[in-house]
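See below for the structure under consideration.
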Amino acid sequence: MEFEKIENALKKGEGEEVRIRGWIYRKRRTGKLIFAVIRDSSGIIQTVVEKGKVSEEEFNDAKKALIESSVEVEGIIHEDERAPGGRELHVTKFRVVSFAEDFPITEHQSVEFLLDNRHLWLRSRKLTEVMKLKSEILRFIREWFHENDFYEVTPSVITMNAAEGGATVFSFDYFGQPAYLSQTAQMYLEAMIFSLERVWSLTPSFRAEKSRTRRHLIEYWHLEAEEAWVDNKKNMDLQEEMISHVCRRVAEECKPQIEFLGRKAEELKAIEPPFPRIKYERALEILREKGFEIEWGDDFGVPHERALVEEEEKPIFVTNFPVEAKAFYMKIAPDGKTVECADMLAPEGYGEIIGGSEREESIESMIERLKKDGANIENYEWYFDLRRYGSVPHSGFGLGVERLVYWIAKLDHIRDATPFPRLLRRAYP
RNA sequence: GCCGGCGUAGCUUAGUCAGGUGGAGCACCCGGCUGUUAACCGGGCGGUCACCGGUUCAAAUCCGGUCGCCGGCGCCA
């Protein structure tokens, strides 16, 4: 007999024989009966081991086996209202594959202890559901790019460019030369649009900033796209279509995962184009009406973003930030003061999930802004070549995958959107 | 980097204000129970009170310092 996934075993009828394998999730004993709840990747089922119905040795093994012991179990499915879920497995054969030692995680846990034991806490229901959801979100993202004529490309994560803005980078010795861990693949993607026109990539990105917030990871999965012949408006159209596609597909296919996590499928179904678009200037007015003291030129902090989206049900775009608040590669707008950029802020106060812009084509304008930042112009020569040989209008955007998961899964901290979070004070396990 | 909080058994904690032999629940072990749902009942095992120094007859407790973690801000996706 083949092993059955627990999900399927639970669908079998009264009296049917099944064989499952997994880990002991909970165990209760009462005299001659042992109730062992078994979990595998698909779900959990209560098994009943009764003295006399299995060999003496098997009964004793079942008695001894602690939580998280791995087991193979055969038995008969019975409907019983006393069982969680109304169905259980009456065991005829109980084999312990490996006896677990005392499992350190018990009913009361602190954040610190769970992070120290992340490798074990990944077995919890919550993280299991989040990891399944993340896998599906990535699948839907890939689905959308494929349907919209994008090529998936694989840029390098090791770079000589100390990258954008003033963001801090991790540096290391590359056979005697200084090199850095990438913060963005954007410039490499820009190079590739001249052959592939529409490209996207999924890479790890690294930020050495000492950020201590619930929405920052030191290492995160960065999804970036770059599109030839596309301006900032069309760029926003693409972003809202992609996000809406992912939300709709999650609502359709991941209902058990999201509802376990407290996110209603209807809330995600309601996410569809168009998303509200407001200019930075208008956002300033809204913030001032809400009592913030904020000057033209200031970038938004967490409280500002939260205030802009706390009452929204869909994500919003904030466009046309002041030139001095954004990176050198963003195209300067006709007004001369702002850039053709757009930040997508997730609703319910979750804040920025995407940053995008139309790219500057004037080499002079970029050099001027890079000099203001004190950057070494020589490092950008190859990038300027992209403007020298048949430049075209183009735009792109970058999305923090964990931020998307954080919002969709309604998490209270981004660390739970990734299996082994790298945080300011933690890179173990 | 700044501000705040916390650190007592494997885990979660009481005790710290007001110095005087560190208690409990969970986990684990032993025993009991033929329908448990975080099972229950009885017993047992388990402590460098984060670390270093000081005050005191006496420090988990008071004082000084160090380290670690958490939360918020700043910075950023």
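Among the listed pairs A:K12/A:K64; A:K233/A:K326; A:K5/A:K53; A:K32/A:K93, which are separated by more than 26 Å between their Cα atoms? Correct reply: A:K12/A:K64.
Placing pseudo-labels 7 Å out from each Cα toward the beta carbon at A:D116 and A:F175 gives an inter-label distance of 4.3 nm.
Largest mean-square fluctuation among A:E72, A:E348, A:E143, in a Gaussian network model of chain A whose springs join Cα atoms under 10 Å apart, belongs to A:E72. With helices as the sole contributors, chain A gives -9000 deg cm²/dmol at 222 nm; each DSSP H run of n ≥ 4 counts as -39500 (n - 2.57), and the sum is divided by every residue.
Once the Cβ-Cβ distance between A:E2 and A:E50 is put in as r, and R0 is 35 Å, what FRET efficiency do you end up with, to the nearest 0.05? Working shown, then result.
Numbers: r = 25 Å, r/R0 = 0.70.
It comes out at approximately 0.90.
Of the residues A:Y428, A:Y188, ranked by 1.4 Å probe accessible area with the largest first, the sequence reads A:Y428, A:Y188. A cut-off under 14 angstrom between Cβ atoms defines the neighbours of A:E285, and their net charge, with Lys, Arg +1 and Asp, Glu -1, is -1. For the stretch A:210-266, the percent of C-alpha pairs falling in each 10 Å distance bin, counted from 0 to the bin holding the largest distance, reads 18, 27, 38, 16, 0. Specify whether the C-alpha gyration tensor of the stretch A:339-383 places it in the rounded, prolate or oblate class, a ≥ b ≥ c being the square roots of the eigenvalues: rounded for a/c under 1.5, otherwise prolate if a/b is larger than b/c and oblate if not. Prolate shape, in that a/c is at least 1.5 and a/b is the bigger ratio. Extension gain for A:D335 to A:E57 (0.36 nm times residue separation, less C-alpha to C-alpha distance): 91.9 nm.
The modelled label-to-label distance for the pair A:S70/A:R212, using points 7 Å beyond Cα in the direction of Cβ, is 4.0 nm. At a Förster distance of 30 Å, what's the computed FRET efficiency of A:K255 paired with A:E14, Cβ-Cβ distance as r, to 0.05? According to the calculation, E is roughly 0.65.
Using only alpha carbons, build the gyration tensor for the stretch A:58-97 and give me the equivalent ellipsoid semi-axes, biggest first, whole Å. Mind dumping the intermediate values first?
Details: eigenvalues 87, 27, 14 Å².
Over the Cα atoms of the stretch A:58-97, the ellipsoid semi-axes are 21, 12, 8 Å.
With a 10 Å radius around each residue's Cβ, average the other Cβ atoms per peptide and rank A:287-293, A:406-412, A:328-334, highest first.
Values: A:287-293: 11.6, A:406-412: 21.0, A:328-334: 18.6.
In descending order of packing, they fall as A:406-412, A:328-334, A:287-293.
Model label sites at A:R95 and A:K372, defined 7 Å from Cα along the beta-carbon direction, differ in position by 7.1 nm. Too long at a 27 Å Cα-Cα cut-off: which of A:K132/A:K264; A:K126/A:K269; A:K290/A:K372; A:K134/A:K290? The pairs that break the limit, which is 27 Å between Cα atoms, are A:K290/A:K372; A:K134/A:K290.
Taken along its three principal axes, the alpha carbon spread of the stretch A:107-222 comes to 56, 42, 25 Å, from the longest extent down to the shortest. What's the local net charge at A:F420, with K and R +1, D and E -1, over the other residues with C-beta under 11 Å away? The answer is +3.
Take the Cα pairs of the stretch A:169-305, get the Kirkwood Rh, then feed it into Stokes-Einstein at 25 °C and 0.890 mPa s and tell me D in µm²/s.
Details: Rh = 18.8 Å.
In µm²/s, the coefficient is 131.
Find the percent of Cα-Cα distances in chain A that exceed 40 Å, and round it to a whole number. When every Cα pair of chain A is considered, 32 percent fall beyond 40 Å.
With Cα atoms defining each centre, the stretch A:58-98 and the stretch A:123-137 are spaced 25 Å apart in the structure. Peptides A:94-103, A:358-367 ranked from most to least packed by the mean count of surrounding Cβ atoms within 10 Å: A:358-367, A:94-103. In the stretch A:257-320, a dipole from Cβ-located charges (positive for Lys and Arg, negative for Asp and Glu) runs towards its positive end, and of A:V309, A:L284, A:I258 it is A:I258 whose Cα lies farthest in that direction.
With all protein chains kept in place, the per residue accessible area of chain A amounts to 49 square angstrom at a probe of 1.4 angstrom. Across A:V401, A:V157, the residue with the most accessible area heads the list, and the full order at a 1.4 Å probe is A:V157, A:V401. With a Förster radius of 25 Å applied to the beta-carbon distance between A:T106 and A:R139, the computed FRET efficiency rounds to 0.10.
A cut-off under 12 angstrom between Cβ atoms defines the neighbours of A:I354, and their net charge, with Lys, Arg +1 and Asp, Glu -1, is -3.
Computed about the Cα centre, the dipole magnitude for chain A is approximately 1560 debye when only Lys and Arg (+1) and Asp and Glu (-1) carry charge, each at its Cβ. Summary of packing: across the peptides A:315-325, A:104-114, the per-residue average of other C-beta atoms within 10 Å ranks them, highest first, as A:315-325, A:104-114. The fraction of accessible area contributed by carbon and sulfur in chain A is 49 percent, rounded to a whole number (1.4 Å probe; ligands and nucleic acids excluded). Counted over the stretch A:6-98 with a bin width of 10 Å, the fraction of Cα pairs per bin, in whole percents, is 18, 59, 23, 0. Our summary gives chain A a relative contact order of 13 percent, counting only alpha carbon pairs under 8 angstrom and 6 or more residues apart.
The values are calculated or read from the model by the stated rules, or taken from the named source; none is laboratory data. Keep in mind the model is a prediction, meaning the values are calculated, not measured. Methodologically, a virtual Cβ is constructed for each residue, glycine included, from the backbone with ideal geometry; neighbour enumeration extends over all protein chains shown. Surface accessibility is based on the protein's heavy atoms, side chains included, excluding ligands, DNA and RNA. Shrake-Rupley method; radii C 1.70, N 1.55, O 1.52, S 1.80 Å.
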